[in-house]
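**Q** Below you'll find the structure I mean.
The values are calculated or read from the model by the stated rules, or taken from the named source; none is laboratory data. Values in this document were obtained by computation on a predicted structure and should not be read as measured data. Heads up, the Cβs are rebuilt from the backbone with ideal geometry, glycines too, and the neighbour counts pull from every protein chain shown.
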């Protein structure tokens, strides 16, 4: 009799498995939206950092040439110190003789567009 009972107690019941699956599903339902928000913020940070780097490179370029350089995306690698921008960052610099204005965003980000205006003193909030 003891051997029969031992064989019956092996494994999990269907109810136990369903309860565990329900708990795991609830945890995933809470974690996924937060993960998506963290990821979007990371892409936004990439765009902002690229814009800051290009703005500093524009100032260095101005020191040697006494003019600012208009550029878009990969063409901004002509600026001193810019090897390559982050993949997917959409960056545009519009320059005049005495100032420049740049915008940057990332399509996988939250949709936020960062703006740098050198005549206003830097990053616009």
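**Q** Looking at the stretch 42-52, can you tell me whether even one residue there is at pLDDT 90 or above and surrounded by fewer than 10 Cβ atoms within 10 Å (Cβ to Cβ)?
**A** No, the stretch 42-52 has no match at all.
**Q** Mind listing just one residue for me: the one in the stretch 55-72 that is assigned to a helix (DSSP H, G or I) and touching a strand residue (DSSP E or B) at 6+ places or on another chain (Cβ under 6 Å) and, of those, nearest to residue 111 (Cα to Cα)?
**A** In this case the residue turns out to be 55.
**Q** Quick check: is even one residue across the stretch 22-40 closer than 19 Å to residue 115 by Cα and out of contact with any strand residue (DSSP E or B) (no Cβ under 7 Å at 6 or more places or on another chain)?
**A** Yes - at least one qualifying residue is present in the stretch 22-40.
**Q** Output the residues belonging to the stretch 80-112 that are outside any strand (DSSP E or B) and under 13 Å from residue 52 (Cα atoms).
**A** Looking only at the stretch 80-112, we keep the residues that are outside any strand (DSSP E or B), and these are 80-89, 96-99, 106-112.
Passing the criteria: 81, 82, 85, 86, 89.
**Q** Select from the stretch 83-103 the residues that are surrounded by 12 or more Cβ atoms within 10 Å (Cβ to Cβ) and over 15 Å from residue 57 (Cα atoms) and write down the one among them that is farthest from the chain's Cα centre (by Cα).
**A** Only one residue fits best here, namely 96.
**Q** Of all residues in the stretch 76-95, count the ones that are in contact with a strand residue (DSSP E or B) (Cβ under 9 Å, 6 or more places away or on another chain) and farther than 21 Å from residue 42 by Cα.
**A** So the answer is 7.
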